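Encoded as structure tokens, the structure appears first; notes follow it.
The values are calculated or read from the model by the stated rules, or taken from the named source; none is laboratory data. Because the structure is a prediction, the values reported are computed rather than measured. Here Cβ is always computed from backbone atoms with ideal geometry, including for glycine, and neighbour counts include all displayed protein chains.
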Amino acid sequence: MTKPAVLLVSRLPEPLAGRLRERFDCHALADVYAAGLQALAASVDFLVVCASGGADTRALVNADVLAALGPAGVLVNIARGSIVDEDALITALRERQILAAGLDVFCHEPHVPPALLALDNVVLTPHMASTTGATVQAMFELTFANLAAHFDALPVPTPVA
């Protein structure tokens, strides 16, 4: 049986993280704080990164974490490219220190490093988390609501500072 882990370093409330752990029988937020990311990576087969980007998470998944994930481990990053040390990931994939990776985010989007394109143990897709029909419809509706409010001289629903 494979052991997944979801790395959640964000504003996800603990009750929601708990439900995620229960539903998918996986380690999550609390495990990272309790034992550290390296220990978490060493205890799982799949490490799925769902975290906010920024200075606090830059290169959080580094060479040590990838080494702990090991030669049977798979990294999936659906968060922000900056969270994974891309050079360390390329080395880990090239040298088979990890089994594979699935990425829909990259450090310098939309540019994908040629070294990743050359590998046979990585799946690369465009970042498409917001391209479901319902999400696109909601974005259109919010855009129109903001435009209507602006042109009616009303406060916009989602102001940008």
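Out of 135, 125, I need the residue that is polar (S, T, N, Q) and over 17 Å from the mean Cα position of the chain (by Cα). Which one? Spell out how you get there, then give the answer.
Numbers: 125 fails: over 17 Å from the mean Cα position of the chain (by Cα).
Unique residue meeting the criteria: 135.
The numbered conditions (1) acidic (Asp, Glu); (2) surrounded by fewer than 17 Cβ atoms within 10 Å (Cβ to Cβ); (3) closer than 19 Å to residue 40 by Cα are all true for residue 109 except (3). Selection within the range 102-161: residues that are in contact with a His (Cβ under 8 Å, 6 or more places away or on another chain) and under 30 Å from residue 59 (Cα atoms). The member of this set that is modelled with the lowest pLDDT is 109. Taking residue 72, is it under 20 Å from residue 46 (Cβ atoms), assigned to a loop (DSSP other than H, G, I, E, B) and at pLDDT below 90? Spelling it out, it is not the case that residue 72 is under 20 Å from residue 46 (Cβ atoms), assigned to a loop (DSSP other than H, G, I, E, B) and at pLDDT below 90.
Quick one: which residue in 95, 86 is surrounded by 15 or more Cβ atoms within 10 Å (Cβ to Cβ) and closer than 24 Å to residue 38 by Cβ?
That would be 86, the only listed residue that is surrounded by 15 or more Cβ atoms within 10 Å (Cβ to Cβ) and closer than 24 Å to residue 38 by Cβ.
Would you confirm whether or not the range 1-14 contains a residue that is part of a helix (DSSP H, G or I) and modelled with pLDDT of 65 or more? Among the residues of the range 1-14, not one is part of a helix (DSSP H, G or I) and modelled with pLDDT of 65 or more, which makes the answer no.
Every condition in (1) in contact with a helix residue (DSSP H, G or I) (Cβ under 9 Å, 6 or more places away or on another chain); (2) at negative phi; (3) at pLDDT 85 or above holds for residue 31 except the one numbered (3).
For the range 83-126, the set of residues classified as among the charged types (D, E, K, R) and assigned to a loop (DSSP other than H, G, I, E, B) consists of 85, 95, 96, 104, 109, 120, listed by residue number.
Mind checking which residues of the range 119-153 are in contact with a helix residue (DSSP H, G or I) (Cβ under 9 Å, 6 or more places away or on another chain) and among the aliphatic types (A, V, I, L, M)? The answer is 119, 122, 124, 129. Against the definition (of a type in the set (Lys, Arg), modelled with pLDDT of 65 or more and more than 24 Å from residue 127 (Cα to Cα)), how does residue 19 come out, yes or no? So residue 19 fits the description; yes. When 59, 55, 79 are checked against the criterion of being within 19 Å of residue 94 (Cα to Cα), at pLDDT 85 or above and either in contact with a Ser or Thr (Cβ under 7 Å, 6 or more places away or on another chain) or part of a loop (DSSP other than H, G, I, E, B) (or both), 59 stands alone in meeting it.
Checking each residue of the range 127-147 against the condition of being assigned to a loop (DSSP other than H, G, I, E, B) and touching a strand residue (DSSP E or B) at 6+ places or on another chain (Cβ under 6 Å) gives no match.
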